[in-house]
Amino acid sequence: MESRPLWIGDDASFQAFVASLPPGKPVALDTEFEWTRTYFPILSLLQIGLDRESVALVDPLSLRDWSPLAQLLGDPRRPKLVFSGSNDMPLLHRVCGVVPASLFDVQVAAGFCGEGANQSLKSVLESRLGVCLPKTESRSDWMHRPLTEKQLGYAGDDVAYLPEVAGIYGEALRANGNLAWFQEEMEETFCREEIYGLPPVEDAWHRLGFLRFLSRASDRHRAVSLAIWREEKARQSDCARGRLLSDEQLQWCATENPAETSRLLQMPSCWPKRVKPLAEEILEALAHPRLGSYQENSTPHVSPTEKTALRNLGERVRGIATGCARRRQIEPTLVCTRSEAEAWAFRKLRKLPQTGRICRGWRKELLQEPLKQLDF
């Protein structure tokens, strides 16, 4: 960033700034937020950049009217540039209630150009623009006011260079033939109303990766019940799930089935002051399992023999996906993750219909025929 960012600390200034933006000109967006103790992240700062010399920092702690952000996000004629926007967009949607249109995630674009899909902004700017950003403020307290000069510079840098580097990747995507697939990915990832709604608490058990490896149905039922309780409690109290029960503690409770508080307090990494006020609710969830949307055939138990076959077939799926991805200059993890490969393998072994992401859209176009040839 080559000039001091503009500080916007009131509704009128924010409205005037958005109104002054040149029509259709791409804008870079980024956020800073606090998300350690709460279920919902707290927006601490909004950065908006037009280029190296034009950056604004918006103070969410001073604003009440977010209609200018809604106007900005929802404008399909104005590209919105982000870097790893999977946290930023849900947060901004929650603030203003508008589904973003015309998103361009630079980190994902790099993956569609054959580069690593999890690159940092620092590494992308160094390789593409020769710009080296200091990252000394990555653990700053963004809720404190006033922000320091270092914080202001750090925050501004996160958006100042995005329009430039997004232009470079846009040209690369047109050159390698992946632009249409990238745009489809942006629509699927960011531009649909349904992805911004909270899933039903009754589906909270989907978060438990260990569930299908619990051999006893009673253990699975208790785990499901605790997951539903935890999700409901976290939302009601705006408390991080892990501050109620970690996944490790939840699994312990499900398998050990404590009936008294004294036994419950023997769970791994237990902090009694935090657990005691919740003990009655946890024990109730264990004693009278609430299954929500869970059915016993939702996560059929995997035997040790099946687990080996599942792992082997999953690795073969990943191998096919990796080969297809590299031929199209796409980072393989964007095409198929390990868990997606294992889910495909599981459904194949059980002769169940395939429903995963790799069976839809551009991924289906890329993988359908190669996977048909897979023998097992």
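Remarks
- 0 to 90° range, to nearest 10: angle between helix 217-237 axis and the chain longest Cα axis: 30 degrees
- Solvent-accessible area, 1.4 Å probe, carbon plus sulfur percent, for segment 1-71: 52 percent
- When every Cα-Cα distance of the chain is counted in 10 angstrom steps from zero, the calculated P(r) takes the values 5, 19, 24, 25, 19, 7, 0 percent.
- On a per residue basis, the convex hull of the C-alpha atoms belonging to segment 1-152 measures out at 124 Å³.
- Proximal lysine pairs, the chain, alpha carbons under 23 Å, eight or more residues apart or interchain: 15
- 0 to 90° range, to nearest 10: angle between helix 247-256 axis and the chain longest Cα axis: 10 degrees
- Segment 1-98: GluC sites (Glu not before Pro) in DSSP coil with no more than 14 other Cβ atoms inside 10 Å: GLU2, GLU53
- For LEU265 and ARG4, the difference between the fully extended length at 0.36 nm per residue and the C-alpha to C-alpha distance is 88.7 nm.
- Principal-axis tilt of helix 162-176 within the chain, Cα atoms, nearest 10 degrees: 70 degrees
- Between THR337 and ALA16, the FRET efficiency from the beta-carbon distance, with R0 = 51 Å, is close to 0.70.
- Considering only Cα atoms, the convex hull volume of segment 222-337 works out to 160 Å³ per residue.
- Residues of the chain: accessible area per residue with a 1.4 Å probe, Å²: 49 Å²
- Between segment 110-166 and segment 27-84, the Cα center-to-center distance that results, in Å: 15 Å
- Rounded percent of accessible protein surface that carbon and sulfur make up, segment 246-324, 1.4 Å probe: 51 percent
- Segment 188-214 and segment 226-267: distance between their alpha carbon centers, rounded to Å: 19 Å
- Value of D in µm² per second that Stokes-Einstein yields for segment 98-257, Kirkwood Rh from Cα pairs, at 37 °C (0.692 mPa s): 167 µm²/s
- In terms of its Cα atoms, segment 302-350 spans 38, 13, 12 Å along the principal axes, sorted from long to short.
- Alpha carbon Rg of segment 319-376, scaled by the compact-globule rule 2.2 N^0.38 Å: 1.05
- Contact order, relative form, for segment 165-266: 20 percent (alpha carbon pairs under 8 Å, 6 or more residues apart, mean separation divided by residue count).
- Entry note, the chain: relative contact order of 16 percent, from Cα contacts under 8 Å with a spacing of 6+ residues.
- Dipole size of the chain about its Cα centre, with +1 on Lys/Arg Cβ and -1 on Asp/Glu Cβ: approximately 1340 debye, rounded to the nearest 20.
- log10 of Debye I(q)/I(0), alpha-carbon scatterers only, for segment 146-189 at 0.19, 0.27, 0.32 Å⁻¹: -0.68, -0.91, -1.01
- Taking segment 89-234 and dividing mean pair separation by its residue count, relative contact order in percent (alpha carbons under 8 Å, at least six apart): 29 percent
The values are calculated or read from the model by the stated rules, or taken from the named source; none is laboratory data. No experiment lies behind these values; they were computed from the predicted model shown. Here Cβ is always computed from backbone atoms with ideal geometry, including for glycine, and neighbour counts include all displayed protein chains. Remember, those area values only see protein heavy atoms, side chains included, never the ligands or the DNA or RNA. Shrake-Rupley method; radii C 1.70, N 1.55, O 1.52, S 1.80 Å.
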